[in-house]
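The values are calculated or read from the model by the stated rules, or taken from the named source; none is laboratory data. It should be emphasised that the depicted structure is a prediction, and the values quoted were computed from it without experimental measurement. Cβ sites come from the backbone with ideal geometry, for glycine too, and all protein chains shown count toward neighbours. To get the accessible areas, we keep the full protein, side chains included, count just its heavy atoms, and leave off ligands, DNA and RNA. Shrake-Rupley method; radii C 1.70, N 1.55, O 1.52, S 1.80 Å.
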Amino acid sequence: MHRFPRRAAAAAAACTVLAGCSQSGVSSVPPSRAISDSAKQASAPFGYSVHPRVRRLGDLLLHNCSSAGSTDCLTPTTIRSGYDFSYTPGVSDGSGQTIVIVDAFGSPTITKDVATFDKLFGLPDPVITTYYPGGKPTVNLNNATQLSWAEETSLDVEWAHAAAPGAAIALVIANNDQGQTIQATQLYAASNFPNSAMSLSFGVQELSINGGANNTQLVQAQQIYQTAAANHITVIASAGDLGAGGGFGTPNPQYPASDPNVLSVGGTNLSLFHNGRYRNESVWNDSDNCVSPCLLPNDGATGGAPSTIFTNALIPNQAILLGGKTARAVADVAYNASPNTGVVVVIGFSAKGVSPGTYAVGGTSQGPPQYAGIIAIANQLRAHMNPARGPLGPVTNALYGAVLQGAQTTKTPPFHDVSIGDNVFPAGSNGFSAGAGYDYPTGLGSPDINNLMNVLVNLP
C-alpha cells in the first residue's frame, strides 16, 4: 500500500473546491459570520453510509457456490455465465485500464484477502494501489460503522477485480466517514484518475439532505462529478437497499445515485438455469419477492424513485423515454443484489460477530464495482477498435439514447428487461412495480454483457 506523494497538494486542492474545509478536512465557519437559519440548513453537512448484507458461508454452501444454477451464492464463474460474458486475457479483461474505488476506513486485510479470492477462483493477481488523501486511518473493527466499511471494501475490491481481472485498482480511502471527508476523497479520485471507471457503493437519501438543492455540500458534490465527467470518468453508484423510500414515507432516491452525472444501479434477484445460463430476474425485495431458499427474509429491497431534487435536463434521452417526465429517475440499470443470491467475498479480519472466512454478500453495492469492470473492459476495447472516440466518461444519457434508437429490439438486446416485483419496502409502504421497459426499481434492466459491450464500444 502506498500513499500518493502529492497528498498535501491534493488536500489543498480539495479545500479549494470544498469551501470552508479546514486542514483536517472538517468543515468550519468563521465565528464572526452571522448565518441565518435557512443558510444554516442549506450548509448543514450530511453523511454517507454503507450497509452490505453479509452472511457466513459454511463449507457445504461454498461448495454449492461453484455449482451451476446455485441459489446459495454466486462466484465469478457463475456471474460471468449468468450475465453472458467471458473475458480474454490481454484483450477484453480491462488491461491498461484503472478502476477507482472510493471507501472510508478500508480493510486491514484487503491485499491478503484478494490473493485468497484469486486462488479460490483462478484469477490473476491484480495491481492494487491504496491512496489515503487525508492520511491513513486507524481502523477499529469493533465499531459497527467501521466494520461495515471494511466489509464493503472487501466486496468492492474483490468484485471489481472479478469483473475486469486485468484492470489496475486504485483504492482511495477516506480516513473517516464524515461527509466532507468523503467529498474531499472523491475530489482526489476525480482529479487524479482520468479516463477511468469510479465505483461508489455508498449514499444518503435525498430527503436526509437539509436544504435540498441548496445544500452547500450537495453543490460541492455536484461539482466533483462534473470534474469527473470533464476527465472522462464514468461514475457509478448504488441505488440503495431500503426500498423506494429509504426509510421515509415518501419515495425518494439515494444520492449520489440520483446525480445526473452518475450511472445508478438498482438491484435484482438473479436466477440461473442448472447449466449456469441466465434464467430470469425479479426486483430485489425481501419483504414480498424473496427467492428460495430465503435465508435472510425482510433484509432489504432495492431503491429507485424519481428525484426530489434533480431534473433530467442533463439526461434528455431519459426524459424522452419517460414520456416527458422531468424528474431525474433512479435507477438507470440493474444488477444482482439479493443477499439470498449474494456473491462470494473473502474476509480475513476478525471482529465481533466476524471471523476470517468466506461470506455471501448482497445489496445494491454489488453493482457499481462490477459495472466499473464492464466500463473498464469497454474502454480497453474502444482503445483498440475505436481509438479516436476515447474512453467513455458519462454514459447515462448515451445508454438511454441507444435504447431509443432500438437496441433493445434487435436480436442482441443489451439489457434483460426485468418486469417482475416491486420496491415497496417494508410491505405496505409506497414504492414502484417493475414492468415492461423502463421502471424505477431496475431502470433499463440488467446486462447481457456481451451485447452491452457491443453498444458501449460503439457509443460516440
**Item:** Members of the range 290-307 that are over 20 Å from residue 82 (Cα atoms), of a type outside the set (A, V, I, L, M, F, W, C), open to solvent by less than 60 Å² (accessible area, probe 1.4 Å) and at pLDDT below 85
**Value:** 299
**Prompt:** Pairs under 6 Å by beta carbon, first residue over 28 Å from residue 312 (Cβ atoms) and open to solvent by 10 Å² or more (accessible area, probe 1.4 Å) in the range 255-282, partner in a strand (DSSP E or B) and among the hydrophobic types (A, V, I, L, M, F, W, C), six or more apart or different chains?
**Reply:** 279/272
**Complete:** Of the residues in the range 355-409, those that are part of a loop (DSSP other than H, G, I, E, B) and either hydrophobic (A, V, I, L, M, F, W, C) or surrounded by fewer than 24 Cβ atoms within 10 Å (Cβ to Cβ) (or both) come to 355, 356, 386, 390, 391, 392, 393, 394, 395, 405, 406
**Asked** Consider residue 153 against the criteria (1) among the polar types (S, T, N, Q); (2) without any contact (Cβ under 8 Å) to a residue 60 or more places away in the chain; (3) part of a loop (DSSP other than H, G, I, E, B): it satisfies all of them except one. Which criterion is unmet?
**Response** (3)
**Request:** Name the single residue, out of those in the range 410-422 being within 23 Å of the chain's Cα centre (by Cα) and touching a residue at least 40 places away in the same chain (Cβ under 8 Å), that is most open to solvent (accessible area, probe 1.4 Å).
**Result:** 420
**Asked** Taking the range 202-214, which residues are polar (S, T, N, Q) and either part of a helix (DSSP H, G or I) or buried (at least 24 other Cβ atoms within 10 Å of the Cβ) (or both)?
**Response** 208, 214
**Request:** Would you mind telling me which numbered condition in (1) under 25 Å from residue 301 (Cα atoms); (2) among the small types (Gly, Ala, Ser); (3) touching a residue at least 60 places away in the same chain (Cβ under 8 Å) residue 348 fails?
**Result:** (1)
**Request:** Only residues that are assigned to a loop (DSSP other than H, G, I, E, B) and not aromatic (Phe, Trp, Tyr): list them for the range 424-439, please.
**Result:** 424, 426, 427, 428, 429, 430, 431, 434, 435, 436, 437
**Asked** Out of 322, 242, which single residue is of a type outside the set (Ser, Thr, Tyr) and closer than 13 Å to residue 203 by Cβ?
**Response** 242
**Asked** Scanning for something more than 23 Å from the chain's Cα centre (by Cα) and small (Gly, Ala, Ser), does the range 326-349 turn up at least one residue?
**Response** no
